[in-house]
Structure formats: C-alpha cells, structure tokens
Amino acid sequence: MPLANRSVRVMASRYRQLGSRLQRHVMWLGFLAWSTCAVQAAEQNTTTSVNPMQDTPPVVMVSLDGFRHDYAGLYSTPNLDRLAAQGLAAEGLIPVFPSKTFPNHYSIVTGLYPGNHGIIGNSFYDRDRKASYSIGNRDSVENGSWYGGTPLWVAVEQAGGIAASFFWVGSEADVQGVRPTHYRLYNGRVPNAKRVDQALTWLRSPPEERPNFITLYFSSVDSIGHGYGPQSPEVATAVTDIDKQIGRLMAGLSDLPFATHLVIVSDHGMQQMDKSKEIYLNDFMSLDGLLVKEGGPVTFFYERDLDARKQLAKELRAIDNITVHEAATWPKEFRLAPGPRTPDIIVTVDAPYTFLLRPPSQRYPSPAGNHGFIPSETPSMRGILYAMGPQITAGSVAPPLENIHIYPLVMRLLNLPIREPIDGRLDVLEPYLKSQLISSSTTK
C-alpha cells in the first residue's frame with residue numbers, strides 16, 4: 001500500500017477515535033450539569049420549605065424541678081415576680097399522684113393522669129412485659145413504647161412544625177415513633193446557663209428552621225431541696241440562682257424580633273422530713289420474694305396471688321403510721337384503673353413520715369426534703385405556674401389548679417387542635433387568655 005494512502009487511513013482512524021472520545025466527554029459534561037442542577041433544585045426546595053407553624057409565636061416551656069409554690073414569697077425572685085406582673089401566676093400547681101418527677105412531667109406535656117399515660121411513678125413494674133421501668137434505666141427511659149398520650153413535641157412535629165428539647169421526661173424516647181427535631185440525652189452536669197443559651201440559639205434560627213416549641217429543664221432546686229430541706233439557706237441560694245437564669249432567658253426573648261410565649265412550671269413542691277419518723281419494712285417482715293417499687297412517701301407492691309396478697313395486706317396493716325390501700329378501696333385521687341402496671345397494694349404515709357424497705361446507708365442517707373405524698377393532703381407538694389406572652393392577660397392570678405390543664409393551654413397558644421381525649425380542660429385557664437389569635441410577627 002502506498003505510504004500516502006496508509007497515512008490517510010491512520011489519520012482517519014485517529015480522528016474517529018478522537019471524535020468518539022469527544023462525544024463521550026460531552027455526554028459526561030451534560031450528565032454532570034444535569035446532576036448539579038438537580039442537587040441545587042433539591043437544596044433550594046429544602047431550604048425554602050415552609051413551616052406551617054412559623055407564623056405562630058413559639059412557646060418556651062421551662063420546668064423548675066421541685067420549686068415549691070411559696071418559694072417566690074420566701075426567697076428573692078425578682079424575675080419571677082416581674083413575670084407574674086406581666087402575665088399569669090397561679091397560686092399553686094397541684095401535682096398528680098404520686099407527686100414524683102416522672103409522672104408529673106409527663107402529665108404536664110400530655111394532659112393525662114398517670115393511669116392514662118402509663119408513667120405511674122419514677123419506677124414501676126409491667127406484668128405484661130415482665131419488666132420494670134426506672135428513671136435510672138436508659139433502655140426504658142428511651143423506649144417510646146412505655147409512653148402513652150401525645151406529648152406536646154409530638155403534636156408539633158406531627159403538625160409539620162419543629163420541636164426542640166433541652167431535657168424533659170419522655171423527650172429522649174420515640175413516642176409514637178416521633179422525637180423532637182432537636183433533643184438532648186439527659187446530663188445533669190450541663191450548666192443551667194448553657195441550657196438557656198441553647199434555647200436562645202434555636203430561636204435565632206431562620207424562620208423555616210426555628211423551633212415552634214422548646215422545653216427546658218432545671219433540676220438544681222430539687223436536688224438542693226432533697227439534700228438540705230426546703231427552708232435551708234442552700235435552697236435560698238439555689239432559688240436565687242435559677243431566678244437569674246430565668247432573667248437571662250426573659251431578656252433573650254425580649255431581644256428577639258418576634259413574639260414568644262414563656263410558660264414556667266414545676267412538677268411538685270418539697271416537704272421537710274424528720275429522720276425520727278422513718279419506718280423500715282424489714283423491721284416487720286422478710287423482704288424475700290417481695291416485688292416492690294418506689295418507696296418513701298409512696299410504695300408500690302405487686303402480688304398477683306390472691307391469698308399471698310391478703311396476707312401481705314394484713315401484715316402491712318399491723319404497722320403503725322402507714323396507710324394500706326388496695327385497688328377496691330383506694331382514693332379516687334390515685335386515678336389508677338386495673339392494668340398491667342397498676343400495683344396490687346399501695347402504701348402511703350402522712351408527712352413527715354417516710355416508709356423504706358430498710359435503713360438508709362451512709363452512702364445514700366435519708367433526704368432532708370422529699371416529695372411523693374398525696375397532693376390533696378399535703379399542701380407542700382404544690383408547685384408553680386407562670387405564663388407570659390401576647391395571648392396572656394397581664395396581671396392575671398389563677399387559683400390552685402391541676403397540672404393536667406397546662407396541656408390544653410399550650411396547644412391553644414400553638415393554635416393546634418387536640419385530636420384525642422385528654423383529662424385536662426381548656427376552660428380552666430382560658431379566662432386568662434386574650435381572645436384574638438396572635439402572629440409571631442406581632443410587634444412587641
């Protein structure tokens with residue numbers, strides 16, 4: 001073959017290869033361009049999605065664990081006093097029975113009595129599960145199947161809104177398969193100031209990312225109350241310190257360019273205890289074979305065998321200064337229907353008595369202050385309720401009320417419907433609300 005012809009054919013072959021490569025390159029560039037446009041469109045769709053609740057003023061709910069109804073009168077609380085003048089203050093918040101931390105926090109956010117939401121104590125037994133729930137057991141605390149009702153953060157998330165929680169009973173669990181968009185696993189060592197800072201940071205988010213409902217929880221007043229008693233100098237200091245954090249929160253909310261509602265509650269009060277009035281069960285009977293939960297002001301006994309239960313009740317009734325309740329006769333205030341978690345026998349004592357399985361150890365001494373007593377018989381169990389915001393009538397004072405009525409109040413502030421039966425009623429706190437609906441863009 002002539003050299004010239006061979007050269008032409010080689011060059012033609014190379015051009016065809018080059019053309020094929022260029023074609024593939026152009027196709028690849030086209031795919032990249034399409035992919036980039038698709039990603040940008042998806043990001044734009046995400047960032048511009050409308051939160052259907054973003055025009056409703058956010059609600060910040062704060063729990064001051066163990067803050068007794070009269071602490072604001074006994075100790076210096078200028079910020080709570082200012083909040084009361086600018087909004088609503090109740091003369092006392094009546095806890096559900098038992099007046100313990102977990103059942104009351106969960107009643108506040110569900111509007112249900114413990115017998116209806118399932119968290120009947122800080123610890124209890126479930127016969128169907130053959131398992132115990134305890135505040136110290138992370139597996140049970142974070143397992144949503146233990147919790148009934150529709151907590152406020154679940155209602156918000158189901159409505160398409162955004163909820164955030166810096167601690168609250170149940171907020172770590174997937175209740176109805178839902179958790180708050182933002183939540184924290186409980187860690188009592190987190191400084192109170194950091195909790196306030198985080199709440200304000202959440203609220204400074206862009207409107208489409210801003211939480212509509214936030215919970216904050218502070219345990220310091222309760223812890224000090226247990227350790228030193230409710231009328232100690234240490235509690236006075238703890239109350240003053242937490243009031244300062246409330247002041248920081250109020251100042252931060254005031255600086256926001258939109259309106260908010262602030263609701264402050266406590267789960268229970270605190271009773272001064274008397275070590276000379278401690279009763280130890282092991283002084284009267286063997287503890288072998290007993291299934292017992294709680295202890296102190298209230299104790300749960302589980303015994304399915306009828307004869308054994310009758311004998312246990314008889315032996316318990318022989319002990320002075322305790323009251324033995326069986327299902328057929330216990331007070332309506334207990335509000336516990338038959339069920340897998342309902343105890344067979346409940347023992348209560350009148351304050352300042354306490355009923356323990358055995359004497360406390362040096363490592364875990366008896367508390368100087370305690371709670372868990374029957375609320376109707378123990379005024380020191382009452383907590384607090386304050387609320388302020390564009391829908392709250394300033395200077396309002398409500399008589400003592402049950403904490404189950406807070407749920408319908410907050411749902412009203414959030415403009416959300418209540419879609420299932422609850423125990424709380426809106427008419428209890430509705431008289432202290434302004435009639436018109438308020439937008440978050442309302443000028444403050």
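Every read-out reported here was derived from the displayed coordinates using simple, explicitly stated rules and does not represent laboratory data. All values reported here derive from a predicted model rather than from experimental measurement. A quick note on method: Cβ atoms are made from the backbone with ideal geometry, for glycine too, and the neighbour counts reach across all protein chains shown.
Overview of values
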read-out: DSSP beta bridge pairing in the stretch 276-366, given as percent antiparallel to the nearest 5; value: 80 percent
read-out: Those lysines that a straight Cα-Cα span of less than 23 Å connects to K194, excepting residues fewer than 8 apart in one chain; value: K244
read-out: Kirkwood hydrodynamic radius over Cα pairs of the stretch 237-276, then Stokes diffusion coefficient at 25 °C and 0.890 mPa s, in µm²/s; value: 189 µm²/s
read-out: Positive-end residue of L306, P352, V292, charge dipole of the chain with Cβ unit charges; value: V292
read-out: Gyration tensor verdict on the stretch 307-352 (Cα atoms; rounded if a/c is under 1.5, prolate if a/b is larger than b/c, oblate otherwise); value: oblate
read-out: Calculated from backbone phi, Karplus (6.51, -1.76, 1.60) coupling profile of the stretch 355-370 in Hz, x at Gly/Pro; value: 10, 10, 5, 8, x, x, 8, 5, 5, 10, x, 5, x, 6, x, 8
read-out: Fraction of antiparallel bridges per DSSP, the chain only, in percent to nearest 5; value: 55 percent
read-out: Amide H partners (placed H, <5 Å) of S165, local residues excluded; value: H182, Y183, R184, T215
read-out: Simple Cβ-charge dipole of the stretch 276-366, Lys/Arg +1 and Asp/Glu -1, about Cα centre, in debye nearest 20; value: 240 debye
read-out: Value of D in µm² per second that Stokes-Einstein yields for the stretch 321-444, Kirkwood Rh from Cα pairs, at 4 °C (1.567 mPa s); value: 70 µm²/s
read-out: Per-peptide average of other Cβ atoms within 10 Å, ordering 94-100, 241-247 highest first; value: 94-100, 241-247
read-out: Viscosity 1.567 mPa s, 4 °C: Kirkwood-radius Stokes-Einstein D of the chain over Cα pairs, µm²/s; value: 53 µm²/s
read-out: Long-range amide H partners of S63 with built H, under 5 Å; value: L216, Y217, F218, V265
read-out: Base-10 log of normalised Debye intensity for the stretch 332-380 (one unit scatterer per alpha-carbon) at q = 0.16, 0.33 Å⁻¹; value: -0.64, -1.33
read-out: Helical contribution to [θ] at 222 nm, DSSP H n ≥ 4, -39,500 (n - 2.57), averaged over the chain, rounded to 500; value: -10500 deg cm²/dmol
read-out: Scattering profile of the stretch 213-356 at q = 0.09, 0.13, 0.15, 0.16 Å⁻¹ [log10 I(q)/I(0), Debye over alpha-carbon scatterers]; value: -0.46, -0.77, -0.89, -0.94
read-out: Check: the chain dipole with +1 on Lys, Arg Cβ and -1 on Asp, Glu Cβ, in debye; value: 2540 debye
read-out: Residue among L416, P338, P431 farthest towards the positive dipole end of the stretch 309-436, charges placed on Cβ; value: P338
read-out: Per principal axis, descending, Cα span of the stretch 276-366 in whole Å; value: 38, 28, 24
read-out: Ranked list, fewest to most other Cβ atoms within 10 Å of each Cβ, for Y183, Y217, Y364; value: Y364, Y183, Y217
